[in-house]
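Following: one structure in structure tokens, then a few remarks.
Computed from the coordinates by the stated procedures, all read-outs in this text should not be read as laboratory data. Keep in mind that this is a model prediction, so the values were computed, not measured. We place every Cβ from the backbone using ideal geometry, glycine too, and count neighbours over all the protein chains shown.
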Amino acid sequence: MKRSIGLVFVLIGLVSAPSLWADGVQDIEEAMATVMPPTVRPSSIKKSVVEGIYEVEVEGNLFFATRVGDYLMLGEVFDLKRNISLIDERQSVKIKEALTGVTRDEMLIIGPANAKRHVTVFTDIDCGYCRRFHVEVPALNKAGLEVRYLMFPRAGVGSESYRKAVSVWCAEDRAAAITDAKLGNEVPERECDNPVTDHYQLGQEVGVSGTPTMVLDTGIIIPGYLPAKELLARLGMKEAE
């Protein structure tokens, strides 16, 4: 998950401040307002699964705070019984909810008609590991896994990678065009109504900072490349014979 350095320093100031917080969301909001810029406010404050600890979300970043305000935790909190990071779990729920707002028509989908599972992948045309992943898409499809691409040109909107993504989207055969592009072949420049900017903004909103970023259909996030065999294993699937 990405974190703003400036925001971290502001919140460190909160840690060193006197114990201002009482029990309750309103008290936490008021205490944080004393050390944060007027334009920055928590988007969510609620009790966590840990007794006496609150989850505080600020600008897409998740922190943990004690009920009385003695401490603010900037790192991971693990549920040892379930062997899961609470930050990862919360982020998985958030990104899964965000993806429900993206229709199939707004994705570049490659897969069999009778797919058993799916994986959503934030991809960059010029990313080396994205290209490596794309080479394995046929094997994933053969195993019954549908690949749903969302464009995430790391250099940003208007960059060369962005223009390539738009050209791929506007091609008559998008699957063939993205394969050509990821092989390093020149794709004819095209323009049309497209969701590439929306894809990029969605990625930023949910904390994507690199490519490929994979989101399993369970909401679990895999930041980076995984070989086909390992990805299928994460989904309880096997390579096709």
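Neighbour counting of Cβ atoms within 10 Å sorts the residues Glu51, Glu191, Glu59, fewest neighbours leading, into Glu51, Glu191, Glu59. Of all lysines in the structure, those lying under 29 Å Cα to Cα from Lys182, and not within fewer than 8 positions of it along the same chain, are Lys2, Lys96, Lys116, Lys142, Lys164, Lys229, Lys238. Under the convention that each Lys and Arg Cβ holds +1 and each Asp and Glu Cβ holds -1, the size of the dipole of segment 98-234 around its Cα centre is about 600 debye. Helix 5-16 and the longest principal axis of the C-alpha atoms of the chain enclose an angle of approximately 20°. Against the chain, whose longest principal axis is taken from its Cα atoms, helix 160-169 shows a tilt of about 60°. Each of Arg148, Arg41 has some number of other Cβ atoms within 10 Å of its Cβ, and from fewest to most they run Arg41, Arg148. Between amide H atoms placed 1.01 Å from N, distances below 5 Å from Arg190 occur with Ser167, all of them 5 or more places distant or on a separate chain. Residue order for Tyr129, Tyr200, Tyr225, fewest other beta carbons within 10 angstrom first, comes to Tyr129, Tyr225, Tyr200. In the elastic network of the chain, a GNM with C-alpha springs shorter than 10 Å, the most mobile of Ala113, Ala65, Ala139 is Ala113. Each Lys or Arg adds one and each Asp or Glu subtracts one; over the other residues with Cβ under 9 Å from the Cβ of Met237, this totals +3. Once backbone amide H atoms are built at 1.01 Å from N, Ser44 has Glu57 as its partners under 5 Å, excluding neighbours fewer than 5 places away on the same chain.
Taking a straight Cα-Cα cut-off under 19 Å and skipping sequence neighbours fewer than 8 places away in the same chain, the lysines within cross-link reach of Lys46 are Lys94. Rounded to the nearest 20, the Cβ-based charge dipole of the chain about its Cα centre (Lys and Arg +1, Asp and Glu -1) stands at 600 debye. Estimated from helical segments only, the mean residue ellipticity of the chain at 222 nm is -10000 deg cm²/dmol, where each DSSP H run of four or more residues counts as -39500 (n - 2.57).
Put +1 on the Cβ of each Lys and Arg and -1 on the Cβ of each Asp and Glu in segment 98-234; which of Ser161, Ala139, Pro212 then has its Cα farthest toward the positive end of the dipole? Most positive-ward Cα: Ala139.
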